[in-house]
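The values are calculated or read from the model by the stated rules, or taken from the named source; none is laboratory data. Everything numeric in this text was worked out from a predicted model, so none of it was measured. So basically every Cβ, Gly included, is an ideal-geometry build from the backbone, and we count neighbours across all protein chains shown. With ligands, DNA and RNA removed, areas are computed over all heavy atoms of the protein, side chains included. Shrake-Rupley method; radii C 1.70, N 1.55, O 1.52, S 1.80 Å.
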Amino acid sequence: MLIAAIQPVTDPDFWWHITTGNWILSHHAVPHQDLYTFTVPDHRWITHEWLSEVLLSVLYAVGRLPLVSIALGAVTAAGFLLVYLAIDRRVNFVIAGLSLALGVAAANPIWGPRIQMITFALTALTYLWVKRFCEGRGCALYFLPAVMLLWVNLHAGFVLGYAILVVALTVEGLRYLLRRPAAMSLPRLRAMAIVLAASVAVAIVNPNGWDIYLYPFQTGGSAEQQRLIVEWFSPNFQMSQIWAFEAMIFLIIGGLALARRIEPRQFLLLLIGLGLALHSVRNLSFFMLVAVPALADYAQQARERLAFRWPRRALRTTPVTFAVNVVMILVIVAIVAIAGLPILFQRVDSKLVARDFPIKAADFLLQHPALGHMLNVYGWGGYLIFRLYGHPPAQPVFIFGDAALDGDQLLRDYDHLQSLGQDQAQLLDRYQINWVIFHSSDPIITELRQDHNAPGHTGWFELKTFDKATIMMRDTPANRAYAAAALG
């Protein structure tokens, strides 16, 4: 599970996050307008991750990519531990461990050094505190408003904490009204309601004011984001990455069939998590943290009902068994070390980064700034910002990874441009696109290569191909002169 938690940096958004963190540190302010595009400079920017971006920029300045991977990997691993602690204490540790391992595998597409992992860990902490409070085993929930004050400035996923609290308060309130056995007392119900109200109230203390409350719902309700951005897609069960998630669903169904007691709060959160995960891959981490305790609980009940005969007493330790355990531990440590070794040598110009981002093309554009407006791949916008922003002359991007800032209209226009929509030529003219940087195999590059000065339109020529990135330019005298000077 440590291997799943500590991974190399591959998230396209990472690059513009640290650029924004650097901007905040240098300007001692939080941006409220777009900094990086020529397409939506007037759009309001809800910088819901500003504090995480500052922390990322500090981590990167101190230890570059390896420290970022290790720090966010530690946050993810802490989330795994909190999920394990949320499993009922009566569950056999083997069942608990296997449930957690399956949950980690089920959400495998999500893990990595991303700001989302902060929300995952804090949501797991909220789930644990709420569960223990409802069981009368602790009062740590009273600290949630203080956590929420920090969380709201780290990531907009803080609303998941509200969702867990609302579900728990609703279920426990109904138990009290129906006078069910082991119902929570009225004073504790009041205390939970006060914690919820305080947690909602403190969220106003952020640079975006009241807008932060609506932002998560505006983002989640954007039809264009869910249609165009991969992590908002529904899980594809044809992919091997999703098979653990599929297995987990079937095991939960089997566990429900054999379970004698179903805890309503746990079950309701499980249904919400499953619904969100089936709607979007992005929500697999939330499903994992509500599903692991439920699966472990149902599996334990199934074991008790099926009357498995497990040894009741541990075997006596001998030198042989001790040696075997030591060897196993050393092997596991070695596997983790070998898997993590490449992470310690990550560099911004490494082959791993070059696999996903246009390093050589960015080097060229730094040395020979291109004229006019660019049209770039959505997933490369953040990296181009990281490499080009702040180096005059300005080369603002067309679009980048903050889809909420970009807005649905720009997302639609980008889709029509890159997918060769009927209005592509008009959009190229409307946005005054002078050059295009896309994957060499993308349809738009193939199309522009075949454009031979059709009547009424300016043709295009290929400036250069850098590994997998191709730059196309309008065929104008100014661009031809630029190409001759840049290419020698």
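Give me the pairs, please: first residue somewhere in segment 230-255 and within 21 Å of Leu100 (Cβ to Cβ), second residue anywhere and in a helix (DSSP H, G or I) and among the polar types (S, T, N, Q), beta-carbon distance under 8 Å, and either six or more positions apart or on two chains.
Matching pairs, first to second residue: Gly255/Gln301.
Looking at segment 267-282, which of its residues are at pLDDT below 95, part of a helix (DSSP H, G or I) and open to solvent by less than 50 Å² (accessible area, probe 1.4 Å)?
Scanning segment 267-282 gives a single hit, Val281.
Checking the structure you have, find out if any residue of segment 183-200 is in contact with a helix residue (DSSP H, G or I) (Cβ under 6 Å, 6 or more places away or on another chain), of a type in the set (Ser, Thr, Tyr), in contact (Cβ under 8 Å) with a residue 24 or more places away in the chain and under 17 Å from Ser99 (Cα atoms).
no
Would you check if there is a residue in segment 290-301 being open to solvent by less than 30 Å² (accessible area, probe 1.4 Å), among the charged types (D, E, K, R) and either more than 19 Å from Gly97 (Cα to Cα) or assigned to a helix (DSSP H, G or I) (or both)?
Scanning segment 290-301, I find at least one residue that is open to solvent by less than 30 Å² (accessible area, probe 1.4 Å), among the charged types (D, E, K, R) and either more than 19 Å from Gly97 (Cα to Cα) or assigned to a helix (DSSP H, G or I) (or both), so the answer is yes.
Based on what the data block shows, is Arg44 of a type in the set (D, E, K, R) and under 30 Å from Leu410 (Cβ atoms)?
Against the criterion (of a type in the set (D, E, K, R) and under 30 Å from Leu410 (Cβ atoms)), Arg44 qualifies.
Quick check, is Val159 part of a helix (DSSP H, G or I) and either of a type in the set (Val, Ile, Thr) or touching a Pro at 6+ places or on another chain (Cβ under 9 Å) (or both)?
yes
Mind counting the residues in segment 438-456 that are assigned to a loop (DSSP other than H, G, I, E, B), at pLDDT below 90 and surrounded by 13 or more Cβ atoms within 10 Å (Cβ to Cβ)?
The qualifying residues number 1.
Restricted to segment 130-149, and to residues that are in contact with a Phe, Trp or Tyr (Cβ under 9 Å, 6 or more places away or on another chain) and open to solvent by 50 Å² or more (accessible area, probe 1.4 Å), which residue is nearest to Ser52 (Cα to Cα)?
Phe143
Give all pairs with beta carbons closer than 6 Å in which a residue from segment 331-342 that is under 14 Å from Ala4 (Cβ atoms) meets a residue that is open to solvent by less than 70 Å² (accessible area, probe 1.4 Å) and modelled with pLDDT of 75 or more; count only pairs at least 6 apart in sequence or on separate chains.
The qualifying pairs are Gly340/Ile6.
Need pairs with beta-carbon distance below 6 Å; first residue of a type in the set (Asp, Glu) and within segment 45-71, second outside any loop (DSSP other than H, G, I, E, B); sequence gap 6+ or separate chains.
Every condition considered, the pairs that remain are Glu53/His17; Glu53/Thr20; Glu53/Gly21.
Within segment 369-403, work out how many residues are closer than 20 Å to Ala484 by Cβ and loosely packed, with under 15 Cβ neighbours inside 10 Å.
The number of residues fulfilling the criteria is 1.
Among what's in segment 7-33 and is at pLDDT below 95 and touching a Leu at 6+ places or on another chain (Cβ under 6 Å), pick the residue that is nearest to Gln116 (Cα to Cα).
Val9
For Leu178, state whether it is touching a helix residue (DSSP H, G or I) at 6+ places or on another chain (Cβ under 7 Å), open to solvent by 50 Å² or more (accessible area, probe 1.4 Å), over 25 Å from Leu56 (Cβ atoms) and at pLDDT below 95.
No: the conditions fail for Leu178.
Could you go through segment 303-314 and let me know if any residue there is outside any helix (DSSP H, G or I) and among the aromatic types (Phe, Trp, Tyr).
Yes, segment 303-314 contains a residue that is outside any helix (DSSP H, G or I) and among the aromatic types (Phe, Trp, Tyr).
Do any helices (runs of 4 or more DSSP H) entirely within segment 336-435 hold 3 or more residues that are under 25 Å from the mean Cα position of the chain (by Cα), and if so, which?
351-356, 381-388, 403-406, 408-418
Quick check on this structure: which one of Val167, Val159 is under 23 Å from Arg282 (Cα atoms) and open to solvent by 20 Å² or more (accessible area, probe 1.4 Å)?
Of Val167, Val159, the one residue that is under 23 Å from Arg282 (Cα atoms) and open to solvent by 20 Å² or more (accessible area, probe 1.4 Å) is Val159.
Tell me which residues, restricted to segment 78-111, are in a loop (DSSP other than H, G, I, E, B), open to solvent by less than 20 Å² (accessible area, probe 1.4 Å) and either of a type in the set (D, E, K, R) or touching a Pro at 6+ places or on another chain (Cβ under 8 Å) (or both).
The answer is Ala86, Ile87.
Out of the residues in segment 251-263 meeting the condition of being in a loop (DSSP other than H, G, I, E, B) and open to solvent by 70 Å² or more (accessible area, probe 1.4 Å), tell me which one is farthest from Arg114 (Cα to Cα).
The qualifying residue farthest from Arg114 (Cα to Cα) is Arg260.
Could you list all residues from segment 33-45 that are more than 11 Å from Val397 (Cβ to Cβ) and either open to solvent by less than 20 Å² (accessible area, probe 1.4 Å) or in contact with a Cys (Cβ under 6 Å, 6 or more places away or on another chain) (or both)?
Residue satisfying the conditions is Trp45 alone.
Sort through Ala29, Ala61 and tell me the only one that's of a type in the set (Gly, Ala, Ser), open to solvent by 30 Å² or more (accessible area, probe 1.4 Å) and in a loop (DSSP other than H, G, I, E, B).
The conditions single out Ala29.
Going by the conditions given, is Thr470 modelled with pLDDT under 95, hydroxyl-bearing (Ser, Thr, Tyr) and open to solvent by less than 60 Å² (accessible area, probe 1.4 Å)?
In short, no.
Of all residues in segment 193-250, how many are among the polar types (S, T, N, Q), under 25 Å from Leu154 (Cα atoms) and not in a helix (DSSP H, G or I)?
Result for segment 193-250: 3.
Does Tyr127 satisfy the criteria of being surrounded by fewer than 23 Cβ atoms within 10 Å (Cβ to Cβ), assigned to a helix (DSSP H, G or I) and in contact with a helix residue (DSSP H, G or I) (Cβ under 8 Å, 6 or more places away or on another chain)?
no
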